[in-house]
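Peer 1: Pasting a structure below so you can have a look.
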């Protein structure tokens with residue numbers, strides 16, 4: 001039987017709120033077995049950019065990563081957020097090691113090809129170096145990934161943290177029975193967006209289709225859930241969506257997604 | 001016989017100049033055997049701080065690391081400089097992995113005690129986790145340290161890069177025949193500061209004393225050389241000081257320091 005592995009992605013709203021972040025880090029540290037954390041940088045990057053007089057470029061509602069924007073992301077995600085999370089985990093006895101995809105060549109990406117829109121230094125994941133990650137886990141490190149990859153030609157690339165989490169979980173599923181956790185501010189996938197407790201406890205393809213047809217799945221949740229089903233189709237054992245309380249061993253109120 | 005290990009510290013003047021940095025990274029990548037790189041962030045941190053409207057606090061000619069200053073250092077050393085160096089080394093086939101002392105709990109420090117001056121979040125190295133670094137080298141990673149440590153209680157600390165390099169070299173000397181390289185903009189220790197080629201090729205305690213008595217050793221070089229002799233007394237095999245050309249296998253014009 002394969003050993004269990006947890007891959008946990010922490011959302012921007014949790015990261016930005018110091019009280020929530022500490023609660024999250026307590027819960028993550030208490031999780032048993034090998035585990036991997038993935039984070040972005042949330043609004044911190046926008047705040048620092050604003051202070052530096054750099055405004056985020058948006059086209060069609062999507063952020064464009066120009067050279068200055070990439071610098072900010074490298075400073076905030078790779079430096080400020082990542083190193084503070086690592087230091088906080090170390091204080092809790094979790095032997096964290098902070099990584100971008102460039103570190104140990106763990107995640108190689110390709111600069112998103114220019115079609116209608118030039119997204120700048122945005123990276124689409126091409127290859128997860130499962131051997132390198134496996135070696136770190138074997139040495140009892142807990143990898144903490146920020147949302148940065150590289151192209152193995154010297155270029156860092158801004159990459160969606162949800163995608164990094166699912167691609168890492170997919171890559172590690174050859175060797176591990178992997179559970180992918182998306183930890184954010186809501187208790188799970190909600191039937192009624194106005195009712196925090198209307199959590200869909202179990203999603204599988206059949207009731208997912210029903211929810212889609214009844215337009216229960218809101219806009220922001222759609223790409224997230226497609227990402228989840230993609231991971232499940234690529235051998236990730238289980239995907240869980242919920243708030244911090246989901247990480248506790250006796251948790252019940254969150255969404256579990258399986259095939 | 002112990003295996004050889006190179007610990008290379010790169011100075012701010014090399015780091016800041018893109019042409020010099022690329023030359024350095026070529027030379028570092030070409031070095032054979034296991035190796036470790038240590039860097040600070042040079043004037044980049046001051047520039048970013050200035051753009052953010054944060055001025056460096058100095059007392060008695062020494063920089064004070066307040067909370068805002070530490071954030072800058074974490075962003076610039078741990079993020080911008082470290083991740084770019086790692087990506088550039090990966091492009092050259094060197095399997096670099098970027099680290100602060102918090103990552104893998106590799107370097108634990110203590111906040112400098114307040115006596116006459118409160119240096120703020122400045123750290124004095126207490127313990128190098130040689131096992132963690134050894135595990136990374138065994139997995140054929142090349143550790144790239146930025147000048148940040150932690151206290152294992154969640155606090156990051158700004159730490160002198162020269163000291164990090166010597167402490168890492170000292171720590172690794174139990175298991176390796178270690179050479180410590182200080183790579184900066186000069187060809188080595190100079191007899192005449194105005195003559196770039198007046199390099200002292202070999203320093204040992206006897207002629208070091210002579211140079212001291214004749215006041216040949218300039219102010220900035222004094223703590224650097226004391227650091228070197230400290231490392232040698234703690235079992236580092238050899239210390240070399242010079243410019244990038246020192247790293248080439250056939251190099252001759254640089255300063256070698258031994259006991």
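The values are calculated or read from the model by the stated rules, or taken from the named source; none is laboratory data. What you see is a predicted model, and the numbers here were worked out from it, not measured in a lab. Backbone-built Cβ (ideal geometry, glycine too); neighbour counts: all protein chains shown.
Peer 1: Run down A:5, A:25 and say which single residue is surrounded by 18 or more Cβ atoms within 10 Å (Cβ to Cβ) and under 21 Å from residue A:187 (Cβ atoms).
Peer 2: The unique qualifying residue is A:25.
Peer 1: Which one of A:159, A:179 is under 14 Å from the mean Cα position of the chain (by Cα), crowded, with 17+ Cβ neighbours inside 10 Å and within 14 Å of chain B (Cβ to nearest Cβ)?
Peer 2: Result of the check over A:159, A:179: A:159.
Peer 1: Quick one: is residue A:74 within 13 Å of another protein chain (Cβ to nearest Cβ) and assigned to a loop (DSSP other than H, G, I, E, B)?
Peer 2: Spelling it out, it is not the case that residue A:74 is within 13 Å of another protein chain (Cβ to nearest Cβ) and assigned to a loop (DSSP other than H, G, I, E, B).
Peer 1: A follow-up question, please. Can you pull out every residue in the range B:28-45 that is buried (at least 18 other Cβ atoms within 10 Å of the Cβ) and part of a helix (DSSP H, G or I)?
Peer 2: Listed by number, the residues that qualify are B:28, B:29, B:44, B:45.
Peer 1: Which one of the conditions (1) more than 9 Å from every other protein chain (Cβ to nearest Cβ); (2) farther than 22 Å from residue A:92 by Cα; (3) touching a helix residue (DSSP H, G or I) at 6+ places or on another chain (Cβ under 8 Å); (4) assigned to a strand (DSSP E or B) does residue B:144 fail to meet, given that it meets all the rest?
Peer 2: Checking residue B:144 against (1) more than 9 Å from every other protein chain (Cβ to nearest Cβ); (2) farther than 22 Å from residue A:92 by Cα; (3) touching a helix residue (DSSP H, G or I) at 6+ places or on another chain (Cβ under 8 Å); (4) assigned to a strand (DSSP E or B), the one that fails is (1).
Peer 1: Here's something else I'd like to know. Residue by residue through the range B:234-248, note down the ones that are closer than 28 Å to residue B:19 by Cβ and surrounded by fewer than 18 Cβ atoms within 10 Å (Cβ to Cβ).
Peer 2: Across the range B:234-248, the qualifying residues are B:245, B:248.
Peer 1: Within the range B:192-233, track down each residue that is surrounded by fewer than 16 Cβ atoms within 10 Å (Cβ to Cβ) and touching a strand residue (DSSP E or B) at 6+ places or on another chain (Cβ under 8 Å).
Peer 2: B:196, B:198, B:201, B:202, B:204 - these are the residues of the range B:192-233 that are surrounded by fewer than 16 Cβ atoms within 10 Å (Cβ to Cβ) and touching a strand residue (DSSP E or B) at 6+ places or on another chain (Cβ under 8 Å).
Peer 1: Out of (1) over 26 Å from residue A:135 (Cα atoms); (2) at pLDDT 95 or above, what's the single condition that is false for residue A:182?
Peer 2: (1)
Peer 1: What number of residues in the range B:85-104 are more than 7 Å from chain A (Cβ to nearest Cβ) and assigned to a helix (DSSP H, G or I)?
Peer 2: The number of residues fulfilling the criteria is 2.
Peer 1: For the range A:39-57, does any single residue satisfy the condition of being modelled with pLDDT of 95 or more and either in contact with a helix residue (DSSP H, G or I) (Cβ under 7 Å, 6 or more places away or on another chain) or over 30 Å from residue A:171 (Cβ atoms) (or both)?
Peer 2: The answer is yes, given that some residue of the range A:39-57 is modelled with pLDDT of 95 or more and either in contact with a helix residue (DSSP H, G or I) (Cβ under 7 Å, 6 or more places away or on another chain) or over 30 Å from residue A:171 (Cβ atoms) (or both).
Peer 1: Another one. Kindly provide the set of residues from the range B:70-112 that are in contact (Cβ under 8 Å) with a residue 24 or more places away in the chain, out of contact with any helix residue (DSSP H, G or I) (no Cβ under 7 Å at 6 or more places or on another chain) and closer than 20 Å to residue B:153 by Cα, ordered by number.
Peer 2: Within the range B:70-112, B:70, B:99, B:101, B:108, B:109, B:110, B:111 meet the criteria.
Peer 1: Tell me yes or no: at least one residue of the range A:116-134 is under 30 Å from residue B:134 (Cβ atoms), more than 14 Å from every other protein chain (Cβ to nearest Cβ), touching a residue at least 12 places away in the same chain (Cβ under 8 Å) and surrounded by fewer than 23 Cβ atoms within 10 Å (Cβ to Cβ).
Peer 2: Checked against the condition, which is being under 30 Å from residue B:134 (Cβ atoms), more than 14 Å from every other protein chain (Cβ to nearest Cβ), touching a residue at least 12 places away in the same chain (Cβ under 8 Å) and surrounded by fewer than 23 Cβ atoms within 10 Å (Cβ to Cβ), the range A:116-134 yields at least one hit.
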